[in-house]
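Read through the structure below, which is laid out as structure tokens, and then see the notes.
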Amino acid sequence: MLTYARWQYAIILIVLLFSGLYALPNVFPQDPSVQVTANRGSVVDEGLRSRIQSELEAAGVTVKSVDIDDGDLLVRLPNADMQVKAADTLRPELGNDYVVALNLASTVPDWLDALGAKPMLLGLDLQGGVHFTMQVDQAAALEKRLDATAEDIRVLLRENRVRYQSVERRPDGSIVATLPSPADVERARELVVENLAQGGSAGMMAGQATLTAEPQGSTLAVRMSEAELNRLTADAIEQNVGTLRNRVNALGVAEPIIQRQGDDRIVVQLPGVQDTAQAKRIIGATATLEYRAALEGNAYDAVSTGIVPPEARVYYRRDLGPDGKPIPVLLSRRVITTGDQLVGATSGLDPQSGTPSVSVRLNAAGGQRMFDFTSQNVGKPMAVVFIERIPEVRMVDGEEVRTTRVNEEVISVANINGVFGRDFQTTGLDSMQEAADLALLLRSGSLAAPMDFIEERVVGPSLGAENVERGLQAVLFSFAFTLVFFLVYYRMFGLITCMALIINLLMVVAVMSMFGFTLTLPGLAGIALTVGLSVDANVLINERIREELRAGLPPKAAIATGYEKASGSIFDANITAILAGVALFAFGTGPVKGFAVALVVGILTSMYTAVSASRGIAALIYGGRRKLKSIAI
């Protein structure tokens with residue numbers, strides 16, 4: 001019999017309500033905007049808001065509004081030209097105290113946003129996005145490697161009981177070790193050649209020399225080979241590209257474009273990013289941690305006299321002393337572990353102090369070094385050093401001069417209460433936002449070299465606005481022609497089919513908006529394909545009903561039998577298509593994944609609308625106790 005339970009109608013109503021609710025935000029357009037976010041030490045308040053309004057008025061920039069939201073300041077502009085003009089006006093005025101980023105601000109009503117209803121994200125090919133061009137500081141990568149090599153030489157000499165007076169990195173790129181006697185120089189040369197000078201890494205032939213060690217009187221000059229220098233600069237670019245991919249994935253950006261450009265530049269394009277200031281801060285940051293032993297001694301005397309023990313280095317704590325100045329501490333030159341050896345990091349609150357913290361997990365090598373150190377130093381202090389490279393831009397004689405300032409702060413000094421290895425916790429952070437950012441940076445890996453943003457802009461659709469508009473018109477017209485054909489050919493059941501197709505499209509848009517999927521041109525093709533599959537399913541049902549009528553069944557029985565017998569074929573065909581979509585998602589990348597997501601979501605919704613929702617509509621029209629002599633099909 002042609003029946004449909006009340007609870008099934010309730011499900012249809014709930015599906016329609018949620019679909020309409022979560023698809024509704026796509027009706028509201030986005031405003032071009034400029035987002036201002038404070039760097040550490042700066043604040044976003046009413047004073048900054050008034051200052052920005054005055055600067056924009058003086059520059060002749062027309063604004064819609066200037067609002068403070070969740071600690072950020074958002075300037076809404078009427079068009080993209082005003083957006084660029086506003087950003088160019090604010091950047092030199094605010095300097096390095098704030099991050100000024102281009103953005104697209106949502107106009108979705110607050111009540112929809114409170115329900116978690118957000119517009120569907122569009123890819124670069126349909127909507128455009130944010131484009132960053134960054135320049136890699138290759139000199140900093142070489143300096144980082146030279147510092148690590150100098151520390152390796154110190155450790156090597158100490159472990160082999162070779163006396164030395166100093167091991168220093170010189171401006172010409174060499175590392176000079178000063179030793180007491182020529183015999184010590186020769187012994188040091190043999191150790192360096194034997195342990196550090198042979199290659200075998202990626203890009204180098206095994207056994208090829210990466211370092212040269214030349215005795216010069218009482219000193220030993222160690223230099224990197226030209227081939228090793230070239231490999232380091234190339235590896236710095238590749239490592240930064242890989243790290244950026246990890247960071248962008250951690251931000252949840254779908255289908256980004258990250259690629260190398262030339263010898264020292266990287267291009268990043270992010271579609272559908274809502275917080276570009278956060279993205280800019282995370283992408284360009286080079287923050288990491290170092291764990292060092294805290295040494296005994298008077299740090300104030302070392303600062304005032306300039307006499308620092310050879311195994312120590314002066315750092316400054318983040319918190320201030322009674323005199324309002326940072327507190328100096330003496331830390332070991334030898335690093336226990338660094339953020340490079342970290343495999344996991346999560347932010348949270350310290351259960352004892354209630355302050356923001358980051359729980360870290362080291363790899364096997366880092367965990368072993370930490371275990372060895374804590375085993376031998378229970379009761380002694382250990383410090384956590386927060387290292388951040390901050391790009392700066394200054395105007396000198398009318399030209400931009402870009403530099404990088406290295407900020408090193410001791411965020412925590414605590415006694416080692418017990419032995420630990422791979423898992424432990426770091427405290428001393430200012431806020432939960434800083435803890436979350438640091439955990440994200442540590443999880444995604446450190447940059448081999450700092451990068452500077454040399455270009456930032458909002459890019460238009462790669463297909464062109466006119467092509468996108470024509471493509472959408474073609475989809476709408478084809479959909480309309482399909483509906484007209486169904487109405488003419490299947491009459492009343494054509495109307496039922498049209499209602500099922502509209503519900504299907506509404507559900508697809510709602511699901512993709514709800515889960516934050518990014519719609520690209522391949523995704524649009526996937527939706528078009530699912531519409532075709534949904535049409536096929538309804539054709540199967542309608543033709544099956546007609547066959548049952550020809551076989552002599554009463555109209556109500558023909559409708560019920562048609563749905564029951566067609567459902568099996570529809571499920572079989574759609575399950576096969578879903579498996580193909582899952583395979584495309586599992587093994588594909590970029591646009592292929594976008595197509596697969598739209599395909600699978602569309603097939604799942606079409607199965608429900610074709611088999612269940614359309615039957616409910618048919619039962620509503622033809623059901624009940626009244627007798628039917630014929631039906632319009």
Legend entry - The one condition in (1) of a type in the set (A, V, I, L, M, F, W, C); (2) modelled with pLDDT of 75 or more; (3) within 24 Å of Gln341 (Cβ to Cβ) that Ile496 fails to fulfil: (3)
Inset, instruction - Only residues in segment 223-243 that are modelled with pLDDT of 80 or more count as the first member; pair them with residues that are charged (D, E, K, R) and in a helix (DSSP H, G or I), Cβ under 8 angstrom, at least 6 apart or cross-chain, and list the lot. - result: Met224/Arg145
Legend entry - Qualifying residues in segment 548-576 (those that are closer than 14 Å to Thr530 by Cα and crowded, with 19+ Cβ neighbours inside 10 Å) - the one nearest to the chain's Cα centre (by Cα): Asn574
Inset, instruction - Name, by its number, the condition in (1) in contact with a Ser or Thr (Cβ under 7 Å, 6 or more places away or on another chain); (2) crowded, with 17+ Cβ neighbours inside 10 Å; (3) not polar (S, T, N, Q) that does not hold for Leu90. - result: (1)
Inset, instruction - Could you tell me which residue of segment 93-102 is surrounded by the most Cβ atoms within 10 Å (Cβ to Cβ), considering only residues that are over 16 Å from Pro32 (Cα atoms) and of a type in the set (A, V, I, L, M)? - result: Val99
Inset, instruction - Kindly indicate whether any position in segment 10-24 is of a type in the set (S, T, N, Q), touching a helix residue (DSSP H, G or I) at 6+ places or on another chain (Cβ under 7 Å) and modelled with pLDDT under 85. - result: no
Inset, instruction - Return only the number of the condition from (1) hydrophobic (A, V, I, L, M, F, W, C); (2) under 30 Å from Leu501 (Cβ atoms); (3) touching a Ser or Thr at 6+ places or on another chain (Cβ under 8 Å) that Leu2 does not satisfy. - result: (3)
Legend entry - Odd one out for Ala80, checked against (1) at negative phi; (2) in contact with a helix residue (DSSP H, G or I) (Cβ under 9 Å, 6 or more places away or on another chain): (2)
Inset, instruction - Within segment 58-78, work out how many residues are in contact with a strand residue (DSSP E or B) (Cβ under 7 Å, 6 or more places away or on another chain) and surrounded by 16 or more Cβ atoms within 10 Å (Cβ to Cβ). - result: 8
Inset, instruction - Go through (1) over 30 Å from Ala618 (Cβ atoms); (2) exposed (fewer than 15 other Cβ atoms within 10 Å of the Cβ) one by one and return the number of the condition Glu55 breaks. - result: (2)
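On the given criteria, is Ala250 modelled with pLDDT under 70, among the aliphatic types (A, V, I, L, M) and surrounded by 17 or more Cβ atoms within 10 Å (Cβ to Cβ)? Explain how you work it out, then say what you get.
Working: modelled with pLDDT under 70: yes; among the aliphatic types (A, V, I, L, M): yes; surrounded by 17 or more Cβ atoms within 10 Å (Cβ to Cβ): no.
No; evaluated as a whole, the condition is false for this residue.
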Legend entry - Subset of segment 187-211 [surrounded by 14 or more Cβ atoms within 10 Å (Cβ to Cβ) and at pLDDT 80 or above]: Arg187, Ala188, Arg189, Leu191, Val192, Val193
Inset, instruction - State whether the residues of segment 614-633 include one that is modelled with pLDDT of 85 or more and closer than 19 Å to Met514 by Cβ. - result: no
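For the subset of segment 270-301 comprising residues that are at pLDDT below 80 and in a strand (DSSP E or B), which member is nearest to Met451 (Cα to Cα)? First the steps, then the outcome.
First, pick out the residues of segment 270-301 that are at pLDDT below 80: 270-289.
From the residues that got through so far, the ones that are in a strand (DSSP E or B) too are 270-271, 288-289.
On the way: Leu270: 17, Pro271: 21, Thr288: 15, Leu289: 18 Å.
Here the answer is Thr288.
May I ask you to say which residue of Arg361, Arg402, Arg313, Arg317 is basic (Lys, Arg), farther than 23 Å from Ala148 by Cα, in a strand (DSSP E or B) and modelled with pLDDT of 75 or more?
Details: Arg361 fails: farther than 23 Å from Ala148 by Cα; Arg402 fails: modelled with pLDDT of 75 or more; Arg313 fails: farther than 23 Å from Ala148 by Cα.
Sole residue among the options that is basic (Lys, Arg), farther than 23 Å from Ala148 by Cα, in a strand (DSSP E or B) and modelled with pLDDT of 75 or more: Arg317.
For the condition over 16 Å from Val155 (Cβ atoms), touching a Lys or Arg at 6+ places or on another chain (Cβ under 9 Å) and assigned by TED's automatic domain parsing to the domain that holds Leu295, what is the one hit in Gly321, Gly367? Step through it out loud before you land on a result.
Numbers: Gly321 fails: touching a Lys or Arg at 6+ places or on another chain (Cβ under 9 Å).
The conditions single out Gly367.
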Legend entry - Qualifying residue in segment 326-348 (condition: over 21 Å from Lys144 (Cα atoms), exposed (fewer than 14 other Cβ atoms within 10 Å of the Cβ) and more than 31 Å from the chain's Cα centre (by Cα)): no
Inset, instruction - Take Asp125 and decide whether it is assigned to a loop (DSSP other than H, G, I, E, B), crowded, with 21+ Cβ neighbours inside 10 Å and modelled with pLDDT under 85. - result: yes
Inset, instruction - Go through the residues of segment 103-119 one by one and say whether even a single one is crowded, with 22+ Cβ neighbours inside 10 Å, touching a strand residue (DSSP E or B) at 6+ places or on another chain (Cβ under 7 Å) and not aliphatic (A, V, I, L, M). - result: yes
Legend entry - Meets criteria (surrounded by fewer than 20 Cβ atoms within 10 Å (Cβ to Cβ), modelled with pLDDT of 80 or more and over 26 Å from Arg361 (Cα atoms)) for Gly262: yes
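The values are calculated or read from the model by the stated rules, or taken from the named source; none is laboratory data. Here the structure is a predicted model, which means the values were calculated and not measured. For neighbour counting, all protein chains shown are included, and Cβ atoms are generated from backbone atoms with ideal geometry for every residue, glycine included.
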